[in-house]
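Below is one structure; the comments refer to it alone.
Laboratory data are not the source of any read-out in this text; all were calculated from the coordinates shown. Keep in mind that what you see is a predicted model, and the values were worked out from it rather than measured. Ideal geometry is used to build each Cβ from the backbone, glycine not excepted, and the neighbour counts take in all protein chains shown.
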Amino acid sequence: DEVRQQRTQRLESLGQLAGGVAHDFNNLLAVILNYAEFIVEDGAGTPFAEDAKQILRAGQRGSDLTHQLLAFARREVIRPVPLDVNRVIAEVEQMLTRSIGEHIELSTTLADGLPSVVADPGQLEQVLVNLAVNARDAMPEGGRLTVDTGTVTVDDEHSMTRDGFKPGLYVRLRVSDTGTGMPRDVQDKAFEPFFTTKPSGAGTGLGLATVYGIVVQAGGTVRLYSEPGLGTTITILLPATDAEPLTAGGSPCADLPGGA
Ligand code: ADP
C-alpha cells in the first residue's frame, strides 16, 4: 500500500510540474501558430506559405501534446460519480472509431447488467482514448481493437489481493489489440511517466501513466498482458457499486440538451 501511495504521490508532483510547463508552453505555441497563420495568408502562392504550413502542422502537433500533458496534470479536479462503463464506452465509440482510422476495426462486447463504478466520466473517457491511441500506434498495418466489459469477483485467495487489493466485486474493462506487442523490458517500464518508445514528438510517455493514476485513484487496478508479435491486452478492474448510474444529463461530457 505504501508503494502504491508513493507512486501516486510521485505521479501527482510530476503532473503538477508537467502541467505548469505545458500551460506556459502552450501560450507560446499559440503565438507561434498565430504568426505562422499570418505568413500562410500573406504569403499565399509563395514558397514561404508552404514553409509556414509546415510550422503550423508541427505546431499543431505540439499543441496536441501539451493538451495531453495538461490533461495529465488536471487530475485533481475530478468529480467521481456512479457510472455505467458500458454507457461511457458507447458515448466515445464514434470518436474512437474516427481516431483509430479505417485500417483498424473496432469491436465492442458490452456485458449485460453491468454494475456501476464510481469514477469521473471525463477521466474514464480519457482512459479509453489513451488505450485506443496506443493500440492504433501498435497497428500501423491495421488490425483489430477490442473493447469488452464484464465482472470479476476478487476473493482472498486471488492473486490480485497481493497489492493491498480489497476482495469484492469488480467491473472489468478490457482493451486489446492485435498489434506489435511489447518486449519484456518495455512492459516493465510502460507505466512510468515519460517512458516512450515512440519517435520524439509522437509520444509523451504519459498515456499509460495517466491510465494508471486514474484507475488507482478510483480504487482499481491495471494489468498488462503483451505478446510481442501478437498484441497487447490491458485489463482494468474498478470496484463495483450498488448505486444507480448517473444518466447522461449528469455527465459533464454529455451535457448537450436531450443528449441529441
Ligand atoms: P506513449 O504512447 O506516449 O509512448 P504511453 O505511456 O501510453 O506513452 O506508452 C508507453 C510505451 O508503452 C509506448 O511508447 C509503447 O512502447 C508501449 N505501449 C503502450 N501501449 C502499447 C500497445 N497497445 N502495444 C504496444 N506497445 C504499447
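Observations on the model:
- Net charge over other residues, Cβ less than 15 angstrom from the Cβ of Ala30 (K, R count +1; D, E count -1): -2
- Simple spin-label estimate for Glu105 and Phe38 in nanometres, 7 Å along Cα-Cβ: 5.2 nm
- Each of Arg87, Arg223, Arg184 was scored by other Cβ atoms within 10 Å of its Cβ. Arranged with the fewest first, they read Arg184, Arg223, Arg87.
- Total charge dipole magnitude, region 111-240, about the Cα centre, Cβ charges on Lys, Arg, Asp, Glu only, Debye to nearest 20: 160 debye
- Taking each residue as 0.36 nm, the span from Thr235 to Gln94 lengthens on full extension beyond its C-alpha to C-alpha distance by 48.6 nm.
- Inter-site label distance for Ile78 and Arg61 at 7 Å from Cα along Cβ, in nm: 3.1 nm
- Percent of beta bridges antiparallel (DSSP, the chain, rounded to nearest 5): 80 percent
- A simple spin-label model places pseudo-atoms 7 Å from Cα toward Cβ; at Ala202 and Leu169 they are separated by 4.3 nm.
- The helix-only estimate of mean residue ellipticity at 222 nm for the chain, built from DSSP H runs of length n ≥ 4 each weighted as -39500 (n - 2.57), is -15500 deg cm²/dmol after division by the residue total.
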